[in-house]
Amino acid sequence: MFRFIFQFSPLLIFIILLNSSCKSLNSNALFQIPKGEEFSFDSIPLIPKDDYKIGPGDRFSFVFAANNGERFINNLSGFNDGESGNIRSAQGSSNINDYLVRQDGTVEIPIIGNYPVAGLTIIELEDSLSKILAKTYNNPFVQIRITNQRVIVFPGRGQAKVVYLQNVNTSLLEAIALSGGISNEGKANSIKLMRKKPSGKREIYKIDLSSIHSMQQAEMIVQCNDYIYIDYRPRYASSISERVGPWVGLITSSLAIIAIFR
C-alpha cells in the first residue's frame, strides 16, 4: 500500500496543484464579461462627441496679456517695447504656475480670486475669464491649458502606465505606443476604452486593432481620464509550469529522501 502511495503521490499532488493553479491563472484579469451575460458596447466615436470639461483634481495653466496678446507676439518676434523685464510667451515661459481645481469645483486665480470652473470646457473658461478681465484690461488675451491631462493604459499582462497627453489630438495608437505597446500576451483584437461622460457614467467601447482595416479605429482621439484596457491571453503551459514546478521538485526530492532512509 505504501509503495502504491509512494509511486503515485507525485502524480496526485501534481493534479491537485494543477487544479488550484488553473483556478487562479486568470484571477488578475480586469473588466471581464461574466459568462452567460450579454453586454452591449457603445458605438465608437472616432472624434470625441463633446469637448473635455474641467473637473475637480484637474490642474491648468493660466496666462493672459492685454491688447489681444500683443506682448506675447512682440516677445516671439524679438521686439522689445522698451519696458524693463523679459515678457515670455505662454508656451515659452519657464515660470508659469498651474492651478488646482478644488473638490468644490473652484480655483483661486490671481487678480480674479476664487472662481467656479468645474463643468466648463477650456474655450468656455477662456471666454468667461476674458469677459471678467476686460473690465480692467484692454482686450485681454487669455490662454488656458490643462497640465495634467492623462490616460491610464493597461497593456495586457504587465504594469499599467499613466500616459500624460502633450497633444490634445493624441490618437489611441499613440497612447498605446507611449505606454510601451501591447504585451506579448495582449490581444490586439480585444481592447476596451472606458470614457467618463459629464453625467459621471462611463461609456465602454470595444476596439479591434488586429487588422489593417482597423486603422480608422487606431486613429480615434483619446480624452483625458480615459481608461484603455487590453485583454490578454494567458499562456497556460508556462504559467502552470512556473507555479507547479517548484512544488513538484520539492515533493519528489522529499519522497526520494524518505525512500533512502526506509
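Throughout, read-outs are computed from the coordinates displayed, never taken from laboratory work. Here the structure is a predicted model, which means the values were calculated and not measured. Positions of Cβ are backbone-derived with ideal geometry, glycine not excepted, and every protein chain shown enters the neighbour counts.
Count Lys and Arg as plus one, Asp and Glu as minus one, and take only other residues whose Cβ is under 11 Å from that of Ile191; the net charge is then +1. Considering only alpha-carbon pairs that sit under 8 angstrom and 6 or more positions apart, the relative contact order computed for segment 150-232 is 42 percent.
Partners of Lys187 within straight-line reach, counting lysines whose Cα lies under 24 Å from its Cα and excluding those fewer than 8 residues away in the same chain: Lys23, Lys35, Lys161, Lys196, Lys206. Listed by chain and number, the aspartates and glutamates whose alpha-carbon sits under 14 Å from that of Lys192, ignoring those within fewer than 8 places in the same chain, are Asp42, Glu203, Asp208, Asp226, Asp231. Need one word for segment 150-232: rounded, prolate or oblate. Basis is the Cα gyration tensor (sqrt eigenvalues a ≥ b ≥ c); a/c below 1.5 gives rounded, then a/b vs b/c decides. Verdict is rounded for segment 150-232.
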